[in-house]
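The values are calculated or read from the model by the stated rules, or taken from the named source; none is laboratory data. Computed from a predicted structure; not experimentally measured. Reconstructed Cβ throughout: ideal geometry from the backbone, glycine too, with neighbour counts over all protein chains shown.
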Amino acid sequence: MLDLGSDVNIFPNKSWEALGSPKFLYSPIQLRMANQYYIFPIGRL
C-alpha cells in the first residue's frame with residue numbers, strides 16, 4: 001500500500017516494477033481499517 005499524497009492506493013508490485021522500481025519516500029501515515037487493524041504504507045511515490 002502506498003501513500004500518494006491525496007489518497008491511499010494499493011499499487012501492485014508488477015506495476016511498480018513496470019515503472020522502473022522507483023525509490024519510495026518516507027510516509028508518516030498510519031491507516032486504521034474497519035476491524036481496527038493498523039496498516040503502515042511502505043512508502044510514498
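Tabulated data
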| quantity | calculated |
| --- | --- |
| Scope the stretch 12-33; condition of a type in the set (A, V, I, L, M, F, W, C) and free of Cβ contacts under 8 Å to residues at least 24 places away in the same chain; matching residues | W16, A18, L19, F24, L25, M33 |
| Residues located in the stretch 18-42, provided they are under 14 Å from the mean Cα position of the chain (by Cα) and more than 12 Å from V8 (Cβ to Cβ) | S21, P22, K23, F24, L25, Y26, P28, Y38 |
| First in the stretch 34-45 and surrounded by fewer than 10 Cβ atoms within 10 Å (Cβ to Cβ), second anywhere and basic (K, R), Cβ under 6 Å, 6 or more apart | Y38/R32 |
| Residues located in the stretch 33-45, provided they are among the β-branched types (V, I, T) and outside any loop (DSSP other than H, G, I, E, B) | I39 |
| Qualifying positions in the stretch 6-32 - assigned to a loop (DSSP other than H, G, I, E, B), at pLDDT below 85 and loosely packed, with under 10 Cβ neighbours inside 10 Å | S6, D7, I10, P12 |
